[in-house]
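The values are calculated or read from the model by the stated rules, or taken from the named source; none is laboratory data. Because the structure is predicted, anything quoted here is derived from the model rather than measured. Ideal geometry is used to build each Cβ from the backbone, glycine not excepted, and the neighbour counts take in all protein chains shown.
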Amino acid sequence: MELGTARSSEEIIRDIKSTLETKVKDNVAVHGGEINFLSYEKGIVRLQMAGACSGCAMSKKTLQEGVERLLTHYVPEVIGLLSEDDEEAKHKGYSPYFPKAMNESI
């Protein structure tokens with residue numbers, strides 16, 4: 001990338017997905033989890049915490065100290081992350097999954 005040249009959203013999304021695939025996927029899969037790309041807009045990446053990551057108390061720490069650091073390092077346009085749990089995880093047999101209402105009461 002040339003200095004001063006803005007990249008397209010498509011290029012940024014490609015790099016986000018590549019970073020998730022090559023730097024994150026295997027590490028969370030070891031624990032039965034998945035982190036799926038949902039969207040990118042104005043520097044913010046939305047991810048879905050799936051499998052064993054959904055509802056896991058450590059998922060916020062994983063996002064902040066691992067995934068966010070990697071993405072902001074490899075994709076400088078990324079300024080932050082938002083996540084949401086896969087509410088179907090429990091029905092797919094994954095644990096720990098805690099219903100949204102339970103997470104909000106903790």
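Some notes on this structure:
- Pairs are defined by a Cβ separation below 8 Å, a sequence spacing of at least 6 or placement on different chains, a first member in the range 24-46 that is within 17 Å of residue 57 (Cα to Cα), and a second member that is in a strand (DSSP E or B) and among the β-branched types (Val, Ile, Thr); the pairs so defined are 28/35.
- For first residues located in the range 6-18 and touching a residue at least 12 places away in the same chain (Cβ under 8 Å), partners that are assigned to a loop (DSSP other than H, G, I, E, B) and exposed (fewer than 13 other Cβ atoms within 10 Å of the Cβ) and lie 6+ apart or on another chain with Cβ distances below 7 Å form the pairs 7/1.
- Checked against (1) surrounded by fewer than 14 Cβ atoms within 10 Å (Cβ to Cβ); (2) modelled with pLDDT of 75 or more; (3) farther than 21 Å from residue 13 by Cα, residue 54 meets all criteria but (1).
Yes or no, residue by residue, for (1) closer than 19 Å to residue 10 by Cα; (2) at pLDDT 85 or above; (3) of a type in the set (S, T, N, Q):
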residue	(1), (2), (3)
32	no, no, no
37	yes, yes, no
45	yes, yes, no
50	no, no, no
67	no, yes, no
80	yes, yes, no
84	no, no, no
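- Enumeration of residues in the range 1-30 that are modelled with pLDDT under 90 and assigned to a loop (DSSP other than H, G, I, E, B): 1, 2, 3, 4, 5, 6, 30
- The range 1-57: number of residues that are among the hydroxyl-bearing types (Ser, Thr, Tyr), more than 13 Å from the chain's Cα centre (by Cα) and within 21 Å of residue 82 (Cβ to Cβ): 1
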